[in-house]
């Protein structure tokens, strides 16, 4: 099944899972009043630094910058 998925999407299952997870994080940051720490905990990160680094690598902006997008 993973081969079919990769052949169809050109992405691995783990990459698609991470992509979905990070898009969920982005949505929570911009559409809720939850703190960044609360969202990190909800998504399974115990280390905020690790959470922020993964987010910035994917989106090219910090979690704070993304959260501020929802305030405009």
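The values are calculated or read from the model by the stated rules, or taken from the named source; none is laboratory data. Worth saying up front: this structure is predicted, and the values here are computed from it rather than measured. Positions of Cβ are generated from backbone atoms using ideal geometry, with glycine treated the same way; all protein chains shown enter the neighbour counts.
Worth pointing out:
Condition check ((1) in contact (Cβ under 8 Å) with a residue 60 or more places away in the chain; (2) within 30 Å of residue 5 (Cβ to Cβ); (3) more than 10 Å from the chain's Cα centre (by Cα); (4) surrounded by 15 or more Cβ atoms within 10 Å (Cβ to Cβ)) across all residues:
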position	(1), (2), (3), (4)
19	no, yes, no, no
22	no, yes, no, yes
31	no, yes, yes, no
40	no, yes, no, yes
45	no, yes, yes, yes
49	no, no, yes, no
53	no, yes, yes, no
64	no, no, yes, no
68	no, no, yes, no
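- Residues being in contact with a helix residue (DSSP H, G or I) (Cβ under 6 Å, 6 or more places away or on another chain), under 16 Å from residue 23 (Cβ atoms) and at pLDDT 85 or above - total across segment 53-72: 5
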